Amino acid sequence: MSLGEPLSAEERATYEWQLDVPGFGVEGQRRLRDASVLVSRLGGLGGVVAYELAAAGIGRLVLAHGGDVVPSDLNRQLLMTHEWLGKPRIECATARLLELNPRLRIEAVGENVCERNAERLVAEADVIVDCAPLFEERFLMNREAVRQGKPMVECAMYELEAHVTTIVPGQTPCLACLFPSDPPAWRRRFPVFGAVSGSVGCLAAMEAIKVIAGLGEPLFGRLLCFDTRSMAFHAATIRRREDCRVCGEAGQKGAPAS
């Protein structure tokens, strides 16, 4: 990734605390500013990811989320407000993020990831963060991330548990390696606390920052799982499946040329 203009005095003042992090510094900040991240859905998980990336100084966000704000959103969705009930979620989220970081560039897409738009949306970003609740969307982004060679942070939660990993095509397992067959029917609405969504959202945002800035050790080939009921955390080693329908030999033979 080529670096653009030097940091301005305003940028240095805004990000001075994180500029002191060893291994990050001015170069890491410039990498964030020059990068673009796709965040699918801006709910309890994706909203926190987008917020933390905006706060850290990401240059551009591609945001995809359909529908209008409803009362149940306010229980966990950081970017939604009571005053915005009945109006588009994507517009509320965009306004809130620009209040935080007016330098941020946003491509706001008022629809969820689907077969029709997945290829284009993934192509718009350097890194993808999968925050979609439905496997149909998650598999679409995984397929395109592998095909286009884009790293993808994969994160999810249920009840009081959550997990996160980072996928690098050709190096790590992809989402289809973790779920080699279609999971049972999954509902969009499921039990969860907003604090659990927020916790894994912060971790996912940090993974994206690490990948972009070359900082620390991202969760390549590791799945971090935690249970907030007991506060137990563990990281499991995961491996690519040679027979994976997406990143395995069969999947790659059937993939279109990029």
Single residue of Gly46, Gly59 found to be within 11 Å of the chain's Cα centre (by Cα), within 18 Å of Leu100 (Cβ to Cβ) and not acidic (Asp, Glu):
Gly46
Counting only residues that are in a helix (DSSP H, G or I) and touching a Gly at 6+ places or on another chain (Cβ under 8 Å), how many does segment 213-250 have?
1
Only one of Gly47, Gly57, Gly28, Gly66 that is at pLDDT 95 or above and at positive phi
Gly57
Select, from Val49, Val26, Val21, the only residue that is out of contact with any His (no Cβ under 7 Å at 6 or more places or on another chain), outside any loop (DSSP other than H, G, I, E, B) and in contact (Cβ under 8 Å) with a residue 60 or more places away in the chain.
Val49
Is it the case that Leu121 is buried (at least 17 other Cβ atoms within 10 Å of the Cβ), at pLDDT 95 or above, farther than 20 Å from Val211 by Cβ and not aromatic (Phe, Trp, Tyr)?
no
So is Phe193 modelled with pLDDT under 95 and crowded, with 16+ Cβ neighbours inside 10 Å or not?
no
Write out, first by first residue and then by second, each pair whose Cβ atoms fall under 8 Å of each other, whose residues are 6+ apart or on separate chains, and whose first residue, in segment 190-207, is free of Cβ contacts under 8 Å to residues at least 60 places away in the same chain while the second is among the aromatic types (Phe, Trp, Tyr) and outside any helix (DSSP H, G or I).
Phe190/Tyr158; Pro191/Tyr158; Ser199/Phe226
Looking only at segment 145-163, and only at residues there that are surrounded by fewer than 22 Cβ atoms within 10 Å (Cβ to Cβ) and not small (Gly, Ala, Ser), the one that is nearest to Pro191 (Cα to Cα):
Glu159
What is the one condition in (1) crowded, with 19+ Cβ neighbours inside 10 Å; (2) touching a Leu at 6+ places or on another chain (Cβ under 8 Å) that Glu107 does not satisfy?
(1)
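Listed here are the residues, each with its yes/no results for (1) part of a helix (DSSP H, G or I); (2) small (Gly, Ala, Ser).
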residue	(1), (2)
Ile128	no, no
Ala132	no, yes
Leu140	yes, no
Arg147	yes, no
Met157	no, no
Ala162	no, yes
Any residue that is under 12 Å from the mean Cα position of the chain (by Cα) and without any contact (Cβ under 8 Å) to a residue 60 or more places away in the chain - is there at least one of those in segment 159-175?
yes
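The values are calculated or read from the model by the stated rules, or taken from the named source; none is laboratory data. If you're wondering where the values come from, they're calculated on a predicted model, not measured in any experiment. Every residue, glycine as well, gets a Cβ built from its backbone with ideal geometry; the counts of neighbours run over all protein chains shown.
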